[in-house]
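Here is the structure we will look at, set down as structure tokens.
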Amino acid sequence: MQILALNDFHGQLRPPDAASSGGRIGATPAGGAEYLAQYVRNLEATNPHSLFVSAGDLIGATPLVSAIFHDEPTIEAMNLMGLDYNGVGNHEFDEGPEELVRMQEGGCHPVDGCFGGDGFEGADFDFLAANVTYKDSGETIFPPYAIHQFPGAKVAVVGMTLEGTPNIVTAAATENLDFHDEAESVNALVPELRKQGVETIVVLLHEGGSAGAPLNETTINSCANPTGAGVEVIKRFDPEIDLVVTGHTNWALNCPDLAGTGIMVTGAASVGRLVTEIDLTISRATKDVVSASINNVIVKRDTFAPAEDLTALIAKYGEIAAPVENRVLGTATAPLLRAANAAGESSLGDIIADAQLWATSGPGWPAAGGAPAVLSFMNAGGIRSDINEGPITYGEAFTVQPFANVLVTMDMKGADIEAVLEQQFSGANGVLQIPASLTYVRTDSAPVGDKVSDVRINGVALDPSATYRVTVNNFLADGGDGFSVFRNGTNRFVGEIDLDAFARYIEDRTTIAPGPQNRITRVP
């Protein structure tokens, strides 16, 4: 049999920009749904016993041409490609469980109605999530697994969602759900599957790690020193599991035997730049895998003609979205990048933090919002793309901030602001992006909890007992990415969508230069 696998597609229907590292594998332009479809179809033609699977984040954090339609175009694209199973990832929960169930079952959006002049029939493929249950009933939100019958052999496909999902999506999206330990959840299923005569078990795990090497044409099929949370989870898997298709961290991986576990582990980077071809030979007598080969294939744009049905689908939704997507907001004098410097700042992060502060302190700031904000924080993981030099369109801005988070302005004590800054270096997820009004020093050699010093707001030393007006998005306000101290904020005012603030800021400035990346000083 053949398994074709991808992960973290993120609704990237159009070919991602080859000028960005996210649009290439090494020097090779890669990705785009119409090219991915043709690769999948050509590979499927080589083996009548094929499965096409995804290890999560198929939707969520998507470009405007998908997101403006609540990701219905991506589901329709995967229907055309013949996807069989999607192990649900964390971003599938961005709009909450009810909307995710609609993606499976179909029906028009409850607020925005139907798009494209027709209805929405939902996914032809199965969503799987073995470790996500409703709090009130204990039932899984989707089936935990599917058993696929091949001639003489059964193959179980298990979906496994990132256990830490509640920490990286808005609290409201997961408040009625429990996310369980991935290894414990899958191990508990093994005896059940064995009783059904299944000996071949494939897990679609939305967790990954780092492959320890730059992503290029050579390293995509490497298994050199993989590390990270996904590796530790898989080490706890029952050795009866044969194959794990991973995701979440956008790594490319080809491990015939991960860390001596005897388990094959793969990863296909992100946004459809790779498809993993896994060939398994299963004994009809023992039902076990007796041989295997794995190859990560680059989805090149100059090898096959694009799939015409995907081209038509993308054009259909692109035409509807064009008036919004192509509106020019301003001009970038140089590329605005989300890549961080050694201190943790990015040029685009500086700009977004400045924009959020401007939107909650500048002209038109409502009296109902309380005093104007004096500083803001932006989570680095919420910055999803770069902006190229030249005209900045609304579509580009949308791709940078696609989550429709709202800005929350609130009172925080100086001591809590300092505590938030310390959380960056004691288990929280990433360095916060900050505006020009805030500066501080981070000292690598200092003990945890005492790494931040000389915190200044508008040049004045932070007063731990004073109250400051602070702006964050609602994801951070709820303690997202491990920044739990933000929950202490009081006198909250919920304002506009973060993307709208960013767009208004660009329009107000008309010309945007890269942020200076000089607000955090890093010392040994």
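The values are calculated or read from the model by the stated rules, or taken from the named source; none is laboratory data. Predicted model only: the values in this text are computed from it and were never measured. Using ideal geometry, Cβ is built from the backbone for each residue, glycine included, and neighbour counts are taken over all protein chains shown.
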Within the range 73-81, identify whether any single residue is surrounded by fewer than 24 Cβ atoms within 10 Å (Cβ to Cβ), assigned by TED's automatic domain parsing to the domain that holds A183 and part of a loop (DSSP other than H, G, I, E, B), and answer yes or no. no
Taking the range 285-302, which residues are assigned to a loop (DSSP other than H, G, I, E, B) and within 28 Å of the chain's Cα centre (by Cα)? V299, R301, D302
Of all residues in the range 371-386, which are modelled with pLDDT under 95 and out of contact with any Ser or Thr (no Cβ under 6 Å at 6 or more places or on another chain)? A371, G381, G382, R384
State whether one or more residues within the range 312-334 are without any contact (Cβ under 8 Å) to a residue 40 or more places away in the chain and within 30 Å of Q2 (Cα to Cα). yes
Out of all the residues in the range 88-99, which are part of a helix (DSSP H, G or I) and either closer than 15 Å to S66 by Cβ or among the polar types (S, T, N, Q) (or both)? H91, E92, E99
Restricted to the range 230-259, and to residues that are modelled with pLDDT of 95 or more and surrounded by fewer than 19 Cβ atoms within 10 Å (Cβ to Cβ), which residue is nearest to the chain's Cα centre (by Cα)? E232
Give the residues of the range 442-494 that are buried (at least 18 other Cβ atoms within 10 Å of the Cβ) and either of a type in the set (D, E) or free of Cβ contacts under 8 Å to residues at least 12 places away in the same chain (or both), sorted by residue number. D478, D481
Collect the residues in the range 495-515 that are touching a Ser or Thr at 6+ places or on another chain (Cβ under 8 Å), farther than 18 Å from A373 by Cα and either of a type in the set (G, A, S) or surrounded by fewer than 16 Cβ atoms within 10 Å (Cβ to Cβ) (or both), keeping them in residue-number order. T510, T511, A513, G515
Candidates I201, I241, filtered to the one that is among the aliphatic types (A, V, I, L, M), in a loop (DSSP other than H, G, I, E, B) and in the same structural domain as A146 (by TED's automatic domain parsing): I241
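Within the range 326-382, which residues are among the polar types (S, T, N, Q) and farther than 14 Å from S437 by Cβ?
Result: N326, T331, T333, N341, S346, S347, N379.
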Hits in the range 338-391 (condition: surrounded by fewer than 14 Cβ atoms within 10 Å (Cβ to Cβ) and part of a helix (DSSP H, G or I)): A367, A368
Go through the range 279-296 and report how many residues are within 21 Å of A213 (Cβ to Cβ) and buried (at least 17 other Cβ atoms within 10 Å of the Cβ). 2
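Report the residue count in the range 42-52 for those that are surrounded by 15 or more Cβ atoms within 10 Å (Cβ to Cβ) and assigned to a helix (DSSP H, G or I).
The qualifying residues number 2.
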In the range 396-433, how many residues are crowded, with 20+ Cβ neighbours inside 10 Å, within 29 Å of A321 (Cα to Cα) and of a type outside the set (V, I, T)? 8
Picking from E98, E121, E175, the residue that is over 20 Å from the mean Cα position of the chain (by Cα), more than 17 Å from G11 (Cα to Cα) and surrounded by fewer than 16 Cβ atoms within 10 Å (Cβ to Cβ) would be E121
In the set H91, H70, H109, which member is in contact (Cβ under 8 Å) with a residue 12 or more places away in the chain and in contact with a strand residue (DSSP E or B) (Cβ under 7 Å, 6 or more places away or on another chain)? H70
Failed condition for E319, given (1) farther than 20 Å from L80 by Cβ; (2) out of contact with any helix residue (DSSP H, G or I) (no Cβ under 9 Å at 6 or more places or on another chain), with all others met? (1)
Of these, S426, S465, which one is over 23 Å from I497 (Cβ atoms), part of a loop (DSSP other than H, G, I, E, B) and over 32 Å from the mean Cα position of the chain (by Cα)? S465
